[in-house]
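Only one structure is covered here, and it is reproduced in the block below.
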Amino acid sequence: MGIDSILNRLEKVRRTGPGKWTACCPAHDDKCPSLGIKQADDDKILIHCFGGCDVQSIVSAIGLTLSDLMPEKPQGYDRTRARGSRFSKSEMFDRLLHESIILGLGIRQLLSGKELSPADIESIGKAESLIDELRIEASR
């Protein structure tokens, strides 16, 4: 099942970054979106309710099962050969340092009582996404 099929079953869906969305949690009376949805690099769909609902309750509420969050792999699929490393360790460190600086600047601005502009929020979202990609890459 694709990400669009899942997003179509949710209310107040809003894109928050590359491969990331928020929506109202279908497992509880959610007026303000508290459900985080992310499509991982391997096309698995990750969901988390910040209101505390468990994943099983969430997928059941929209008529799905946990297996609907996992893509089917073609016969003979070998995860270890599916994708080579995107970055060298040196490149990963340099990117991590750069993205961490962006996050640090955003935190400093918030701590000094200043609001973040839409462009700042977008940059922080991209930094967070790239750091998450680097985390996944480093764990391979």
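The values are calculated or read from the model by the stated rules, or taken from the named source; none is laboratory data. The model shown is predicted, which means the values in this text are computed figures rather than measured ones. Here the Cβ is made from the backbone with ideal geometry for all residues, glycine too, and neighbour counts use every protein chain on show.
Observations on the structure shown:
- Filter result for Glu72 (farther than 19 Å from Ile136 by Cα and modelled with pLDDT under 85): yes
- Flag for Asp54 being at pLDDT below 85 and not hydrophobic (A, V, I, L, M, F, W, C): no
- Among residues of region 19-40, those that are surrounded by 14 or more Cβ atoms within 10 Å (Cβ to Cβ) and either out of contact with any strand residue (DSSP E or B) (no Cβ under 8 Å at 6 or more places or on another chain) or under 19 Å from Gly125 (Cβ atoms) (or both), counted: 13
- For beta carbons closer than 8 Å, sequence separation of 6+ or different chains, a first residue in region 90-104 that is on the phi < 0 side of the Ramachandran plot and a second that is outside any helix (DSSP H, G or I), the qualifying pairs are Arg95/Phe87.
- Region 3-15, subset touching a residue at least 40 places away in the same chain (Cβ under 8 Å) and outside any helix (DSSP H, G or I), residue nearest to Glu122 (Cα to Cα): Leu10
- Checking each residue in region 26-37 for being touching a residue at least 24 places away in the same chain (Cβ under 8 Å) and under 25 Å from Pro118 (Cα atoms) picks out Leu35, Ile37.
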